[in-house]
Amino acid sequence: MLLLLSISMKHFLFILFSIACFQKGIAQHELGILSGSIASEESNFVVVLKKATDSTIIKSELTDPNNQFIFQNIAYGHYFIEIYFLNKIQKKVHDIHINSATQSIPAINVEIKSHELNTVKISDQKPLVERKNDKLIYNVENSLEAPSNDALTVLQKAPGIIVNQVGSLSMRGKQRVNVLINGRMTYVSGEQLSNILKTTTASQIAKIEIISNPSSKYDAEGSAGIVNIILKKDQRVGTNGLIIMSGGYGKYYKSTNGININSRGKKLNVFASYNMANNLGFNDLKLHRKFYQNNLLQGAYRQSNYLLFPSSTHILKAGFDYQLNTTSELGFVASATSTAFKPKGDNLSYVENNLGIDTSYYTSSNRSDERWNNISLNGHYVKRYKQGAELSSDVDVVKYLNTSDQDFTTHYYNLQHQMTNNPYFLKGDFNGRLSIYSAKIDWTMPLTKNSKLESGLKSSLVSADNNLSYLNLLNGNYFFDSSQSNHFLYEENINAIYSSISTEYHKHAIQIGMRAEQTRAKGLQKINGNEFDRNYWQLFPTVFYTYQHSNTHQFGFSASRRIQRPSYESMNPIKLFIDANTYKTGNPYLVPQNSYIIELNHTYKQKLITTLAANITNKSITEVLIPDETQNNITIQINKNINKQYNYSLSFSLPTTVAKWWSMSNETSLYYTLFDGFLANMAIHSGNTSFNAKSIHQFTLAKHYKLQLDAFVQYKQTFTFSKLNTFGGVNLAIQRNVYKNRLQCKVSANDIFYTMRFRGSSSYTNYYESFNVQRDSRTIILTLSYRYGKNTVPGANRRNTSAEDEKQRAGKNV
């Protein structure tokens, strides 16, 4: 279903008819295949195809083990070839004329002189950090990440990204970063997103794109920016893949294992992967809560919470790409994830009077059995044309099913360890379902040699059903508790249309775009009958400008308007108890926040990157831990809208080579965040200046050995009424390649000095809390990874698929 409700069917059909007519008109221009081989005693040649008229690079390929190469989808015309070996041009072949569907050229003789082999080394690696027009790129495959390291650990090392104590991401001090994988939104947030990233290993990742100010082609969702994780995909003819086995310990065991297989023929590519992770982690939280009235202490809790969470995750993915002809490709991908999660929490709380003296204590235990399952299906079609035009379409279907059984028990004692009240027993039964249907069509059309038009349509439909029943034990029988239970239904339809035009002239490049999105949403709480119904249109303009002053200096400017809709979890009003006096709940009355973003950047000698940014957000969605306004001594974790949030940042990134055996990448961000509004019966006008810094060092020690040392620090921060102290970490990894570089042995040590500890406080008119959180972050892991099949052919072209919005907002309880 691809229907823009605000556009009449007549106009919608006219758009599709126009695209079809244009497609038919240009499909008459033929594309061909050019193949050849190199006669030489050496291998691993790079072959570059260039246009004869202006020497424009059309494509480049690496020869296979038989020194053969092939160029596909090449427009008829005149070309020439350049052949490189060890980054040095060896030969040119002129007067190549493509005028048939399949064409080959005679073998090309290339003689490599012996002195060249002794003095030249291959240097085709991309830098660890690259700056493109609209993004920063962290090339993971060029870093020395242990393959067993998960994506969450890798993200911690990416420029501008900080991962907090619960696995949430921030970018230059801005919260609610959207995460894409291969251009597709992950559709989840909170613990479920963290779980997906923890079961995605570094060995699967090619690079990470950090997009602080996305263009109109992307969904307008995500005011803090976008992180796009690009996974590796093989395009080598034949069968090849990767096997990973890893294990290690922190306080408890960690294990990640997987196998990836890819089989490619001339037209059909079939791929599959299976990954599993078995981990035992912990969360040790200590906090002190004080309650006041008229600035006088009324009482306090001194609490120790220890949560042990064993988890087992299985991820299966399979699909195919089929080359219908030289210009068209059809593909399908299916993935399924199943996670068993059995947290075991124990709480000890001492109750203090107004003099700070212990008067009693209580113990709470939480035993849960949770199952998170989802399946995702994607079908896609791509049609390419001679002039560089491309038509692509995607359809996605995603299903989530979550269940949870919870037993919560509290016992009350005096200081003589005598029970003072009857035990409190609470049983929870949660069933959540989320269905997402998404479809889109994108059209790219060159207008001139240096300009192009991009446009597209997208529609998504979301349906959520979350039912949580709480039962209280009374006289040996469990009874339904309507005051704690809830049944929340939610439906959402988002329709979008976008268009952008980009052009280059001499040293100038500009892109201007506009995206329009319509949102229709309604929610219903079945127990109390509360409901809402929303329908609104919004426009999201984008502007990008780049000036290439010289090879030394490049300047850039960008501006955009973006939206951040509440996640499905943050709107879900069910109560999830953390202990007897604390629970987490959603807020169905949250409204979207809108942000205005401006960035200026400067690149010096393609290395030193300086970025100055400003972000102003209206109706900012902020997660807070606040006292209950209707119950005494009860604390709630909830999201609220505040009036405005301001964020200003200055960041620097500098990759450099110190010596032939030592390269490093340094990055730092200085930012100021200000919150303005009203929350928990208090006016807010607070902010602070903070910074974070990262440094990654890579060393070539001896033959076959490599070492990577990286460190980061996050200076103290302020979030509304909460403060987080400074934290950081140091990681080390060493690698040795054997068996013709097919087998990699790596040992990684994470958080060596155990400094990934999170301390802070929250202060309100009648409430103060200090906290200290420790997780199982100091680990040592041994990983063996074996690559089988051909390993001398370049990787695949990567494509984006349909879903770019909804998964990110699907919370843990969906």
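The values are calculated or read from the model by the stated rules, or taken from the named source; none is laboratory data. Computed from a prediction, not measured in an experiment: that's the story for all the values here. In this analysis, Cβ positions are derived from the backbone assuming ideal geometry, glycine residues included, and neighbour counts consider all displayed protein chains. Remember, those area values only see protein heavy atoms, side chains included, never the ligands or the DNA or RNA. Shrake-Rupley method; radii C 1.70, N 1.55, O 1.52, S 1.80 Å.
One residue is enough: does the stretch 708-726 have a residue meeting the conditions touching a residue at least 60 places away in the same chain (Cβ under 8 Å), β-branched (Val, Ile, Thr) and open to solvent by less than 20 Å² (accessible area, probe 1.4 Å)? Yes: one or more hits. Going through (1) surrounded by fewer than 21 Cβ atoms within 10 Å (Cβ to Cβ); (2) touching a Gly at 6+ places or on another chain (Cβ under 9 Å) one by one, TYR604 falls short only on (2). The number of residues in the stretch 57-106 that are without any contact (Cβ under 8 Å) to a residue 12 or more places away in the chain and within 21 Å of TYR385 (Cα to Cα) comes to 1. Would it be correct to say that PHE675 is more than 15 Å from THR718 (Cα to Cα) and either in a strand (DSSP E or B) or open to solvent by 50 Å² or more (accessible area, probe 1.4 Å) (or both)? No.
Evaluated against (1) of a type in the set (S, T, N, Q); (2) farther than 30 Å from ASN450 by Cβ; (3) open to solvent by 20 Å² or more (accessible area, probe 1.4 Å), SER364 falls short on exactly one condition, (3). Hey, LYS266 hits all of (1) in a strand (DSSP E or B); (2) within 30 Å of THR239 (Cα to Cα); (3) open to solvent by 30 Å² or more (accessible area, probe 1.4 Å); (4) not acidic (Asp, Glu) but one; which does it fall short on? Going through (1) in a strand (DSSP E or B); (2) within 30 Å of THR239 (Cα to Cα); (3) open to solvent by 30 Å² or more (accessible area, probe 1.4 Å); (4) not acidic (Asp, Glu) one by one, LYS266 breaks only (1).
Residues in the stretch 346-367 that are among the polar types (S, T, N, Q) and without any contact (Cβ under 8 Å) to a residue 24 or more places away in the chain: 0 in all. Scanning the stretch 732-788 for residues that are surrounded by fewer than 17 Cβ atoms within 10 Å (Cβ to Cβ) and among the basic types (Lys, Arg) yields ARG736, LYS740, ARG742. Taking the stretch 216-260 as the region of interest, how many residues are modelled with pLDDT under 85, of a type in the set (Ser, Thr, Tyr), open to solvent by 10 Å² or more (accessible area, probe 1.4 Å) and within 24 Å of the chain's Cα centre (by Cα)? The number of residues fulfilling the criteria is 1. Among the strands (runs of 3 or more DSSP E) confined to the stretch 578-629, the ones with at least 2 residues that are among the aliphatic types (A, V, I, L, M) and in contact (Cβ under 8 Å) with a residue 40 or more places away in the chain are located at 593-604, 608-627.
Taking the stretch 422-498 as the region of interest, the strands (runs of 3 or more DSSP E) fully inside it that hold 3 or more residues being at pLDDT 90 or above, open to solvent by less than 60 Å² (accessible area, probe 1.4 Å) and in contact with a Gly (Cβ under 8 Å, 6 or more places away or on another chain) are 424-448, 451-474. PHE555 fulfils the conditions (1) surrounded by fewer than 16 Cβ atoms within 10 Å (Cβ to Cβ); (2) closer than 17 Å to SER455 by Cα except for a single criterion, (2). In this structure, ASN305 does satisfy being in a strand (DSSP E or B), within 30 Å of THR363 (Cβ to Cβ) and out of contact with any Phe, Trp or Tyr (no Cβ under 9 Å at 6 or more places or on another chain). If we scan the stretch 573-595, do we find a residue that is over 29 Å from GLN303 (Cβ atoms) and among the charged types (D, E, K, R)? No, every residue in the stretch 573-595 fails to be over 29 Å from GLN303 (Cβ atoms) and among the charged types (D, E, K, R). In the stretch 347-362 there is at least one residue that is of a type in the set (A, V, I, L, M, F, W, C) and in a strand (DSSP E or B). Taking the stretch 38-133 as the region of interest, the strands (runs of 3 or more DSSP E) fully inside it that hold 2 or more residues being at pLDDT below 75 and open to solvent by 50 Å² or more (accessible area, probe 1.4 Å) are 57-62. With respect to ILE638, determine if the residue is out of contact with any His (no Cβ under 6 Å at 6 or more places or on another chain), in a strand (DSSP E or B) and under 25 Å from THR519 (Cβ atoms). Here the answer is yes, as ILE638 does meet what is asked.
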